[in-house]
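In what follows, a single structure is set out as structure tokens and then discussed.
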Amino acid sequence: MTCGILLLDKPPGLSSSGATQRVRRLLGVDKAGHVGSLDPLATGMLPICLGDATKVAGEVLEGAKTYRFRIVLGARTATGDIEGDVVESSPVPAVDPERRAEVFRGFLGESSQIPPMYSAIKQGGQPLYRLARAGLTVERPARTIRIDRLDIEKWGSDWLDCRVVCGKGTYVRVLAEDIAVALGTCGHVGWLRRESVDPFPPGSMVDLAEVEACARSGRIPALFPADAAVSHLPAVRVQGDAERRLALGQELDGGAEVAFATPVPAPGSTVRLHSGDGRFLGLGLMTGDSVVRAKRLFKPMTQDASTE
């Protein structure tokens with residue numbers, strides 16, 4: 001059974017869901033899910049969890065992401081990118097480098113951001129982009145985002161090429177619009193590429209052509225193991241009868257068969273579970289002081305279990 005994480009270099013013009021389903025069909029896997037949507041316009045790293053690796057997808061969402069993008073100054077579009085109709089135009093003032101650097105520093109750290117209407121966020125069971133296409137605009141609550149780094153790499157009279165390292169939930173299209181406003185004009189994204197998603201290395205992507213070539217020859221492209229996505233979580237090692245009891249949904253309260261990370265994870269923490277011989281078993285939840293139970297286990301452990 002195929003289980004692992006494919007780092008797809010998503011091509012332009014394809015939605016994240018469309019890319020994921022194409023990979024799933026090509027590789028013949030039952031389950032697949034992408035982590036962190038990319039707009040059809042965008043290219044770059046799209047982690048796709050295959051098989052039981054879908055059980056760790058939520059942990060990948062927590063990682064920082066690195067993007068390169070172009071801000072086209074002087075025009076705002078309905079979608080926030082080059083694919084939308086221009087809805088506002090504004091002169092582009094001359095901004096000296098010191099002032100520009102000051103503006104960029106102002107975006108570092110935590111701030112609030114209102115998600116765009118053209119996004120996959122659901123409201124009332126409907127993705128916002130469907131409402132936007134119907135000409136509707138609804139109120140969206142602001143979200144707290146984090147910008148760790150924001151640099152200008154190149155610039156022209158009416159454009160800026162930028163690089164950002166940001167936390168989850170950050171919409172680069174909105175960031176680009178906000179930067180343009182801070183510079184005294186309006187703007188939109190001309191192109192966008194995601195270079196990396198923590199904890200995965202940036203130079204490890206596979207393109208669709210390679211996936212298709214592998215499928216034709218009956219091979220599986222290079223995958224990261226599922227536990228690569230949760231290396232930041234504290235580890236709990238179980239062995240002997242404790243492994244069987246986990247699979248039955250029982251809590252483990254310390255003992256010789258259970259070894260916790262040091263310091264022992266606090267109650268409420270998610271942990272990664274490993275067998276005595278190092279196999280990754282899935283995710284666990286600390287339910288008390290030195291007490292752990294299964295949260296999401298992989299099939300080798302749960303196939304004979306009554307609960308999960």
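Filter segment 28-48 down to the residues that are in a loop (DSSP other than H, G, I, E, B) and crowded, with 22+ Cβ neighbours inside 10 Å, then identify the one that is modelled with the highest pLDDT.
Residues of segment 28-48 in a loop (DSSP other than H, G, I, E, B): 28-31, 35-42.
With the extra rule that they be crowded, with 22+ Cβ neighbours inside 10 Å, the set shrinks to 35, 38-39, 42.
On the way: V35: 89, L38: 92, D39: 89, A42: 96.
The selected residue is A42.
In segment 77-89 there is at least one residue that is at positive phi and over 19 Å from the mean Cα position of the chain (by Cα).
State which residue is modelled with the highest pLDDT when the search covers only segment 272-285 and only residues that are surrounded by fewer than 22 Cβ atoms within 10 Å (Cβ to Cβ) and out of contact with any Phe, Trp or Tyr (no Cβ under 8 Å at 6 or more places or on another chain).
So the residue we want is L285.
The strands (runs of 3 or more DSSP E) located wholly in segment 108-169 that include 1 or more residues which are modelled with pLDDT of 85 or more, charged (D, E, K, R) and under 22 Å from V92 (Cβ atoms) occupy 143-156, 159-166. The condition of being in contact (Cβ under 8 Å) with a residue 60 or more places away in the chain and either out of contact with any helix residue (DSSP H, G or I) (no Cβ under 9 Å at 6 or more places or on another chain) or part of a helix (DSSP H, G or I) (or both) does not hold for A213.
Suppose we keep only residues that are among the acidic types (D, E) and under 21 Å from V172 (Cβ atoms) within segment 118-160. Which one would you say is surrounded by the fewest Cβ atoms within 10 Å (Cβ to Cβ)? Before the answer, list the steps.
Taking segment 118-160 as the starting set, the residues that turn out to be among the acidic types (D, E) are 139, 148, 151, 153, 158.
Narrowing further to those that are under 21 Å from V172 (Cβ atoms): 148, 151, 153, 158.
On the way: D148: 13, D151: 12, E153: 10, D158: 14.
Looking at the filtered set, the residue picked out is E153.
Which one of R194, R149, R130 is in contact (Cβ under 8 Å) with a residue 60 or more places away in the chain and among the basic types (K, R)? It would help to see each step written out before you state the result.
Numbers: R149 fails: in contact (Cβ under 8 Å) with a residue 60 or more places away in the chain; R130 fails: in contact (Cβ under 8 Å) with a residue 60 or more places away in the chain.
Criteria check complete, one pass: R194.
Here segment 247-263 is the region considered, the condition is being assigned to a loop (DSSP other than H, G, I, E, B) and either of a type in the set (D, E, K, R) or crowded, with 17+ Cβ neighbours inside 10 Å (or both), and the residue that is farthest from the chain's Cα centre (by Cα) is E257. I'm trying to understand the selection: among the residues of segment 172-210, which are crowded, with 17+ Cβ neighbours inside 10 Å, among the small types (G, A, S) and not in a helix (DSSP H, G or I)? Within segment 172-210, G187, G190, S196 meet the criteria. Note on segment 216-230: residues that are of a type in the set (S, T, N, Q) and surrounded by 12 or more Cβ atoms within 10 Å (Cβ to Cβ) amount to 0.
The values are calculated or read from the model by the stated rules, or taken from the named source; none is laboratory data. No experiment lies behind these values; they were computed from the predicted model shown. Heads up, the Cβs are rebuilt from the backbone with ideal geometry, glycines too, and the neighbour counts pull from every protein chain shown.
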